[in-house]
Amino acid sequence: MRICVIGTGCVGLVVGSCLADGGHDVICVDKDKTRIDVLQSGRAPIHEPGLADMITRNLASNRLQFTTALPDAVASSSIIFLAVGTPEGDGGVTDLSQIMTAARDIAACVDGYKVIAIRSTVPIGTAKALTHTIRQFAPADASFDIVSNPEFLSAGSAIDNFRNPQRLVIGTSSPRALAMIQEVYRPLDLLDRPMVITTNETAETIKYTANTMLALKISFMNETANLCEAVGADVRDVALALGLDRRLGAGFLQPGPGFGGSCLPKDVASLSQQALEHGCRFQLAETVIEVNSRQRRVVVDKTRKALGTLADKTITLLGLSFKPDTNDVRQSPAMHIAKALLSEGASINAYDPAANVEARKVIPEMHYFDDPYSACDGSDMVMVLTEWRQLRDLDLAEVKRRVRCPNMYDARNIFSRQRMQELGFSYLGTGC
Ligand code: UDX
């Protein structure tokens, strides 16, 4: 079965290359010619473990192609996955312009039956709106169905998430489209993965509520961490005990400087906004947004308190990406914290194993280093803001030799307080 994937961001590339790897014939389309050139040469334009190898392998076997020519790609495919960006617009409203442009482009070349599967995260009701737009622009006899098939891929482990999904969500009212999508996922079906087959609106709702609930768990633990600090408890043991209760679930209980990335913040804001549009306030989503921005301020306040003032202090930030194994700095707590520290007159030395280049585009005034030790030279406070494996393995005695004052703010709790104190550091953690 020939499959077209529109959009070559993380979602589109992972979906396209994994489907090709599973034996399908896949063509990925993007308007960005430079990006397509990079992909055609077998390189991955984003840092995602395993992706470059998978692209190279499937290009070589001719199961994967990249193009800017959407009409040919759509015309020659029976299933079209939409994986274009749906960024946050003003006031939490999702910007659907890329989806709607793609819909019109597809409409112009629907010849014969097509299944259009929405993989991007889109507001509830978008499948219906898309049907309307395609009908409006397509020939009168055009035949197609829209499937809502949200992705649950996490940056840094996206390939494994695609191959071993905990569940697949398929929203459609068309038995024909459902059968075709099930055929696409047959290799996963063999792994006995649960499929939730439902309506388009329900599938769209599942995506937003899943991400909001994940964000809620993180914010709950961040508030718990703040309470633990106030009462002298240890949030790590609290998280351990909560996670052992299967009703609560062990995932997403790590406190830290707040959640970031291109999905959780945007999706929580969007859910809250969509609820309001439907006359139904989703107060927990609103609170999650508030708690998350406050958590970044908590980090800055604790740093200021420890140093007396931030003015003229040299602060080292270790980890800039919103999570490990990605170079994505969008809505990264580290970037928000860096801006706040700079605004109070601190000078910042920064190191990230993969995100220095992206971070420099956003905050050029930080001093960037290619190794963590040089970034610690003359520092008044070292802060770990992203739990990269490379940082867990730091030679802490060397860090101590390099800094001016041995202050360590381990916002992700990757080190032990006892060990840090034995080494002579003054240690701050999150909730412990
Ligand atoms: C998320 C969803 O997990 C995924 O299902 C969806 O498809 C896309 O959005 P992603 O944005 O890649 O994935 O990152 P995720 O692993 O969810 O982490 C988001 C943020 O939460 C990161 O900043 C991370 O550091 C933070 N986080 C996560 C915590 O602070 N504590 C945790 O316990 C887990």
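The values are calculated or read from the model by the stated rules, or taken from the named source; none is laboratory data. No experiment lies behind these values; they were computed from the predicted model shown. Quick reminder, even Gly has a Cβ in these numbers, built from the backbone with ideal geometry, and neighbours come from all protein chains shown. Accessible surface areas use protein heavy atoms only, side chains included; no ligands, DNA or RNA. Shrake-Rupley method; radii C 1.70, N 1.55, O 1.52, S 1.80 Å.
Quick look at the numbers
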{"read-out": "Percent of beta bridges antiparallel (DSSP, the range 2-198, rounded to nearest 5)", "value": "5"}
{"read-out": "Centre separation in Å (Cα based) which lies between the range 82-120 and the range 311-328", "value": "34"}
{"read-out": "Label-point separation, Y113 to R294 (7 Å along Cα→Cβ), nm", "value": "5.4"}
{"read-out": "Average accessible area per residue (Å²) across the chain - probe 1.4 Å, nucleic acids and ligands excluded", "value": "43"}
{"read-out": "Nearest-0.05 FRET efficiency for N62 and R193, computed from C-beta distance (R0 25 Å)", "value": "0.35"}
{"read-out": "Relative contact order (percent, whole number), the chain, Cα cutoff 8 Å, 6+ residue spacing", "value": "11"}
{"read-out": "Fully extended contour minus Cα-Cα distance, from L423 to L284, at 0.36 nm per residue", "value": "45.8 nm"}
{"read-out": "Overall form of the range 33-133 per C-alpha gyration tensor (a/c, 1.5; a/b vs b/c)", "value": "oblate"}
{"read-out": "Per-selection Rg to Rh, the chain - Cα, Kirkwood hydrodynamic radius", "value": "1.01"}
{"read-out": "Globularity ratio of the range 267-361, using Cα Rg and 2.2 N^0.38 Å", "value": "1.30"}
{"read-out": "Theoretical ellipticity at 222 nm over the chain - DSSP helices of four or more residues, -39500 (n - 2.57) apiece, nearest 500", "value": "-13500 deg cm²/dmol"}
{"read-out": "Other-chain or far-sequence residues with amide H under 5 Å of C28's (modelled H)", "value": "V5, Q65, F66, T67"}
{"read-out": "Global form of the range 224-306, assessed from the alpha-carbon gyration tensor, a/c cut-off 1.5", "value": "oblate"}
{"read-out": "In sequence order, calculated HN-Hα J values of the range 92-109 (Karplus, 6.51, -1.76, 1.60; Hz; x Gly/Pro)", "value": "x, 6, 6, 7, 9, 4, 5, 5, 6, 5, 4, 4, 5, 4, 5, 3, 5, 10"}
{"read-out": "Share of carbon and sulfur in the accessible heavy-atom surface of the range 245-316 [1.4 Å probe, %]", "value": "52"}
{"read-out": "Contour minus Cα-Cα distance for E398 and D371 (0.36 nm per residue)", "value": "8.5 nm"}
{"read-out": "Cut-off under 5 Å, modelled amide H: who pairs with I118 long-range", "value": "L82, V147, S148, N149"}
{"read-out": "In sequence order, calculated HN-Hα J values of the range 317-330 (Karplus, 6.51, -1.76, 1.60; Hz; x Gly/Pro)", "value": "9, 9, x, 10, 5, 6, 7, x, 6, 8, 9, 7, 10, 5"}
{"read-out": "Whole-Hz couplings from phi, Karplus 6.51/-1.76/1.60, listed for the range 160-165; x for Gly and Pro", "value": "5, 4, 5, 6, 10, x"}
{"read-out": "Prolate/oblate/rounded label for the range 2-198 (Cα gyration tensor, a/c 1.5)", "value": "rounded"}
{"read-out": "Overall dimensions of the range 214-428 by Cα: Rg and Dmax, Å", "value": "17.5, 59"}
{"read-out": "Approximate spin-label separation D25-A179, in nm, with each point projected 7 Å along Cα-to-Cβ", "value": "2.1"}
{"read-out": "Separation in nanometres of the label points that stand 7 Å from Cα toward Cβ, at V93 and D301", "value": "3.4"}
{"read-out": "Calculated FRET value between T34 and L244, using beta carbons and R₀ = 41 Å, to 0.05", "value": "0.25"}
